[in-house]
Structure formats: C-alpha cells, structure tokens
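The block underneath contains the structure these notes are about, expressed in structure tokens.
The values are calculated or read from the model by the stated rules, or taken from the named source; none is laboratory data. Please read these numbers as outputs of a predicted model, since none were measured by experiment. All Cβ positions, even for glycine, are placed from backbone atoms using ideal geometry, and neighbour counts span all protein chains on display. For accessibility, only protein heavy atoms count, side chains too; no ligands or nucleic acids. Shrake-Rupley method; radii C 1.70, N 1.55, O 1.52, S 1.80 Å.
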Amino acid sequence: MRDSSSPTARTGTSRNSAGGLKHRHLHFIALGSAIGTGLFYGSAEAIQAAGPAVLLVYLLGGVVVYFMLRALGEMAVRNPVAGSFAEYARAHMGGWAGYITGWMFAFEMVIVCLADLTAIGIYMGFWFPDAPRWIWVAVTLLIVGAANLASVKSFGELEFGFTIIKVGAVVAMILGGAAILVFGLSDSHATGPANLTNDGGFFPHGPSGMIASFILVLFAFGGTEIIGIAGTKAEHPEESVPKAINTVPLRILLFYVVSLAIILMIIPWREVTGDASPFVQIFSTLGVSWAAAALNVVVITAALSAINADLFGASNVLQGLARQKLAPGIMAKSRNGVPVFSTLILLVVLVGGVILNALLPERVFEIVASLATFATVFVWLMILLSHVWSRKNMTREEVANLNYRVPFWPVGQIFAIAFILFTFGIMAWTEEYHLALAVGAGFVALTTLAYFVTGAKRAADSIPDATASTPEPTSGENLSR
C-alpha cells in the first residue's frame, strides 16, 4: 500500500480546457448514465420479482450508488487523473487492485456494449424485419466509433443529444401517467395508490422477492461510475464533478421511483409482464397508437447512448493502464486527448462479440445481465475500498480541508460496502447466477495470473503515485453542500 500524500508526477489531468467537456456535457452524461435499457425494459422483470416493493429496492440501490459516487467524487476533485478509479485503487491499495479494477471495468463495458449492440439489431427489425441485423450493428459502431475517435467534445455532444431524447421520453411518460391518475382517463381498470397494496400487499413475495430483484436493479444502475472518468476530461472538474454527482438522488427519485410508482398505480403489477415495456403500456393506456414506434426510437437511443458512453469509459481507463505499462503500450497513444488505439481495439473486439451474439444469441442473453452486474458491483466495491484507504492515509487537517467530501462518514460507506457484499452472497446462493459468478471469478483469476506473469506487477511497483494531494479551491461555496 502506498502513501497517497507523497509528491509525484501525474499520469494525466483534466484541467486542460482545450476541447474538454463543459458543465452541460458532464451533467447530461451523469443523467444519461442512469437512464438506459435497464429502466425501459429491465424494470418489468424487477417488478415481477418484487411487486410494488421494487420501489424500495430502487431506493436502496440508489443510496448505494450515491455513496459510491460521492466517494469517487471526493477522490476525483482532490486528484483528477486519467486512470480515474483504477488509478485510485492502485495508489491507495496497491498495484494488483488498480490492475484488476481497470480491466474489470473494461470487461464490464464490453459486456454491456455487446448486449446493446445486439439489441439495436433486434429493435431495427421493428421497421426492417427482412434486413440483416449486422447492417444496423455496423452502422451503430460507425456512429459511436466516429464520435469517440473525433474528439472528447464530439463524444460529449452526441451523449448530450441522446440524453435529451431519453429524458424527454421519461418526462412524457410521467406527465401522461399523472394525467391518467388525476383525470381518470383509464377505463380498463381502477387506478390510484390502492394498486400498490390491493394485490397481495406492498410486499407480495415477501423479503425473498425483494432480494431476487437486487441483481436486476443494480444492473440498471451500472455505468453511473463513468462520471468519474468523464470528470477527468472536464474543463473544471472541481466544479463540474460535484454538481453532477449531487444531482444523483433527485435523478434516481424522479426517473426510477416516481416513474415506476406512476406505472404501478395505473397498471396492476401482475400485468407488467415484460411482454412489452411498462412505458409502452402507459402510452397504450393513453390511446396513443404510435406508442410502440415512439418507444422504439427511445430504446434505440438509449442503447446508442450506452454504447457511446461505455466505449468512452473503457478506452480511457485502458489508456491510463497502458501509460503505466499495465496494458499493451499501443493503447497509451492518443490524438487530441482521444485514446485512439484503445478505442479502435475495443471496436474490433465488439465486432467479434457481435459475431458470437449472432451464433449463440440464447447463451449470451441468458448471462449478460447477471455477468454485467457482477463486474459492476465489483468495480463499485473497489471504488469504495479505495476511498476508505485514501482516508486512512489522510491527516485530520487534510480531511477538514476537503471542499467536497462523502457525507455521513463512515456509516454511509459501511452500508454501501455491506450491500455490495450481500449482493455477491445472493449470486452465490441463487442457482441462476452461478454461471455469471463463475465467469466473473474466472476473469479475476486470469487477470490476476496475467498481473504476475506479464511483468505488470513490476511495472505497477515502479509507478510513482499519480494521486498526490493538490490544492483545492479556496474560494467559493463549499461544494459538499
């Protein structure tokens, strides 16, 4: 374990304003990371598992995400470095921790990208049923690949546009659902708060139902940690990162809890079967005949947004590892701040993954959500532990001088870590998650082996800390408020 207060050279910083992400980019990246296919489609399966009690699970999951992001934000504002949480893990917990965190995040992003790429091919079949899916997959890779290779700003602008569409769809659903409740526009069945309790109660499947929905809920929140990576590309991370992270509770409350509560008050929870998105059912209740086509645009946008953001996050983390000789050296090369070769390599991997999806679609989709969840919560755990270790290496005076810090220390961190460990326990206990758990554990084992036999350990041991304390803003409002 290294002392994070020792002076070192940085691996990279985001304070260069040339072509960096602006406040609005980071806010919309933070917003978009919480709205994806996990909400538009995955929420139906979570509702079936827990009933109306799924609202509490989303709240609990939101609390975990918030404390994880606050921990990441505290480290990112204090020391914005190119490797983000992978570098924080290495600096505070040692070389293996940073190595495994970076590669696990890249693994997570590739898995989610593969799912969303294949999903886009399926979605486009709504309009073009006879066209080969690979055409749409290729077009998607060209769009997001071009955006990520052009410049950081191009990525930010594309994500900005995608998020506006997604947010607009959710807001439209909330307003439409509120209109149904207030004006009684539904003639098919009773609506209102009674729907949350009149069919088996608020906990129709008891605690086991809530527990069964944990994996699906956390999968929906996967990718929110990209705020830490995007923040290193921001023009003013000490301002942008706190503002983006501080909106997380409101985003989760509005876009998950409120929207799903409205759905459950209009549609009895047993009727949210997953045959169609809950959002389609809301629009159908309103009598909007073009609801399916409209939602298809939204889910395609959500998938494009996820691929765009995930490719950005994975390529930047791999570049950070490569600069430290923890990944192939070619991945360290960049142009105008863009990790060109890391992005190109990931695009090639995604092409190969699409082929696998075409050959074995059933096998891939069976495990993708649970496998992505394993990788997601593993990365979250490493972020939380890195933060705990960083605090151990700080004096009381340094903690007191932090302009942005984790609230309710250390209770919030203990709760978040315990929740994640409980999630791993659920995967070990539940048979349907055993394959994902085995694949995830196998990836950890293989990566660990690579760390010791490829020279990565020697490289990590020779790297000076890139997270030396930097002066924090001394003027302005305390950002932790």
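Every residue, every condition in (1) under 30 Å from Leu59 (Cβ atoms); (2) surrounded by 17 or more Cβ atoms within 10 Å (Cβ to Cβ), yes or no:
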site	(1), (2)
Phe419	yes, yes
Gly425	yes, no
Glu431	yes, no
Ala445	no, no
Ala450	no, no
### Task
Could you please find all residues in region 417-434 being under 22 Å from the mean Cα position of the chain (by Cα) and farther than 16 Å from Val217 by Cα?
Ile417, Ala418
### Message
Can you pull out every residue in region 311-347 that is under 22 Å from the mean Cα position of the chain (by Cα) and open to solvent by 30 Å² or more (accessible area, probe 1.4 Å)?
### Response
Leu344, Ile345
### Task
Assess whether Ser208 counts as being out of contact with any Leu (no Cβ under 6 Å at 6 or more places or on another chain), modelled with pLDDT of 80 or more and open to solvent by 30 Å² or more (accessible area, probe 1.4 Å).
yes
### Query
How many residues are charged (D, E, K, R) and at pLDDT 80 or above when one looks only at region 349-407?
6
### Message
Residue pairs, Cβ under 9 Å, 6 or more apart or interchain, first in region 320-339 and β-branched (Val, Ile, Thr), second at pLDDT 80 or above and crowded, with 24+ Cβ neighbours inside 10 Å. List them.
### Response
Ile330/Ser342; Val338/Ser315
### Task
Could you please give the count of residues in region 384-410 that are of a type in the set (Val, Ile, Thr) and closer than 29 Å to Ala372 by Cβ?
2
### Message
Which residue is modelled with the highest pLDDT, if the candidates are limited to region 267-293 and must be hydroxyl-bearing (Ser, Thr, Tyr) and open to solvent by 30 Å² or more (accessible area, probe 1.4 Å)?
### Response
Thr273
### Task
For Leu114, indicate whether it is touching a Gly at 6+ places or on another chain (Cβ under 7 Å) and under 30 Å from Ala293 (Cα atoms).
yes
### Query
So which helices (runs of 4 or more DSSP H) are wholly in region 36-80 and hold at least 3 residues that are at pLDDT 90 or above, within 18 Å of Ile267 (Cβ to Cβ) and not hydroxyl-bearing (Ser, Thr, Tyr)?
none
### Task
Report those helices (runs of 4 or more DSSP H) wholly inside region 82-175 carrying at least 1 residues which are within 19 Å of Ile345 (Cα to Cα).
95-124, 133-150
